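This report refers to the structure that appears directly beneath it.
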Amino acid sequence: MDIRQLKYFVAVANERNFTRASEVLHIAQPPLSRQIQLLEEELGVQLILRNSRPLRLTEAGRVFYEQALQIINRLDQLKTATRQIGLQQRETVSIGFVPSTLYGGLPMLVRKLRQHYPDVDIQPVELTSTQQIGALKSGRIDVGFGRIRGNDSTVARTVLREERLVLAIPPDSPLAANAGHISLSELNGQKLIVYPKEPRPSFADHVLSFLNDQDIRPSEIHEVREIQTALGLVAAEYGLCLIPASARLRSDLHYRLIDDPRITSPIILSHRLNDNAWYIAAIKQLVSDMYAENPPWLDVEHNVLPGTGLPPSRKAAKEKKAHKKAP
């Protein structure tokens, strides 16, 4: 088995067709088929179901595909890093993010990264949570900040905090007459706007899962591509929208916190599994330092830190009290 065979297999898996894969690789189809056959013989398992159209991977093939991708991407990273050192180029760290994280701690984190590591080129890349998984595998980004929990075995995830959801309401709506917390059940029979429309799964599915769990049925669900559009439609009195608390962007809307503390949206740091690059530990440490500063976007009412069930200020107070009791 060699790297060439891994690249051949990945091309076939991506294209789901030997002819298209051979065109991508600029080789004839017979030698491509032969190399895949030799690979299967060496492994002693079938990787591709050839009698299906398009081709499908076996379960062993799917596992092999994920691992082959990691090996190829790591080899590419090795080449890039070596060239950068040899040519004295600046190191680049690419950070994938969903737009709503810009309303919370991401700008502060990027500033701190640039301050602490001035010789590193920090490159933000806007991607949905789902797109970040593929970008991590391909090496397009090094870390990602998203909101959707996934189950890809090649990606490690750390929940940085849980952000509570608020309901965005037109100011003339009867629901805007009260400033207090609101029950999710108030969405029964209401028009609901969700985002993003695609790709799925997305924050839209995260919101809809809460409604399904409580058997809440909006009268209509309207899907849009981005949060700015969703809030604009709320302002136009087209419907209501559930958003993370930090995304209360428009001053012409009324916002009410959902009364159930379990109705949250996580902020998730993702990176390649077993990636021990320096920037992963550096980012985690900077996030911890940021939380210790209690910035305005980390307000007590709208955030819960992982593993504690406590808002930031109560967590800090608890740690301070425990420290005083220590001998």
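The values are calculated or read from the model by the stated rules, or taken from the named source; none is laboratory data. What you see is a predicted model; the values in this text were computed from it and never measured. Every residue, glycine as well, gets a Cβ built from its backbone with ideal geometry; the counts of neighbours run over all protein chains shown. Side chains included, ligands, DNA and RNA excluded: accessible areas come from the protein's heavy atoms. Shrake-Rupley method; radii C 1.70, N 1.55, O 1.52, S 1.80 Å.
Figures for the structure shown
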| read-out | value |
| --- | --- |
| Breaking point among (1) more than 25 Å from residue 285 (Cα to Cα); (2) open to solvent by less than 30 Å² (accessible area, probe 1.4 Å), for residue 144 | (1) |
| Filter result (more than 25 Å from the chain's Cα centre (by Cα), open to solvent by 30 Å² or more (accessible area, probe 1.4 Å) and in contact (Cβ under 8 Å) with a residue 40 or more places away in the chain) within the stretch 44-66 | 56 |
| Any hit, the stretch 3-15, residues being farther than 18 Å from residue 62 by Cβ and surrounded by fewer than 19 Cβ atoms within 10 Å (Cβ to Cβ) | yes |
| Search result, residues across the stretch 198-235 that are more than 23 Å from the chain's Cα centre (by Cα) and without any contact (Cβ under 8 Å) to a residue 24 or more places away in the chain | 215, 232 |
| For residue 23: the one exception among (1) open to solvent by less than 60 Å² (accessible area, probe 1.4 Å); (2) touching an Asp or Glu at 6+ places or on another chain (Cβ under 9 Å) | (1) |
| Breaking point among (1) modelled with pLDDT under 90; (2) basic (Lys, Arg); (3) assigned to a helix (DSSP H, G or I), for residue 53 | (3) |
| Residues that are of a type in the set (Val, Ile, Thr) and not in a helix (DSSP H, G or I), drawn from the stretch 128-161 | 128, 141, 143, 148, 154, 155, 158, 159 |
| Residue ID - farthest from residue 230 (Cα to Cα), chosen from residues in the stretch 185-198 that are at pLDDT below 95 and open to solvent by less than 30 Å² (accessible area, probe 1.4 Å) | 196 |
| Single unsatisfied condition, residue 94 versus (1) of a type outside the set (Phe, Trp, Tyr); (2) touching an Asp or Glu at 6+ places or on another chain (Cβ under 6 Å); (3) free of Cβ contacts under 8 Å to residues at least 40 places away in the same chain | (3) |
| Condition met for residue 262 (closer than 20 Å to residue 186 by Cα and either out of contact with any strand residue (DSSP E or B) (no Cβ under 6 Å at 6 or more places or on another chain) or crowded, with 16+ Cβ neighbours inside 10 Å (or both)) | yes |
| The stretch 219-231: number of residues that are open to solvent by 30 Å² or more (accessible area, probe 1.4 Å) and either farther than 18 Å from residue 132 by Cα or of a type in the set (S, T, N, Q) (or both) | 7 |
| Leading residue by the ranking (modelled with the lowest pLDDT) among those in the stretch 67-98 that are surrounded by 16 or more Cβ atoms within 10 Å (Cβ to Cβ) and in a helix (DSSP H, G or I) | 73 |
| Residues that are at positive phi and basic (Lys, Arg), drawn from the stretch 1-51 | 16 |
| The stretch 199-257: number of residues that are in a helix (DSSP H, G or I), aliphatic (A, V, I, L, M) and in contact with a His (Cβ under 9 Å, 6 or more places away or on another chain) | 3 |
| Selection within the stretch 110-128 - surrounded by 16 or more Cβ atoms within 10 Å (Cβ to Cβ) and either farther than 23 Å from residue 99 by Cβ or basic (Lys, Arg) (or both) | 112, 117, 120 |
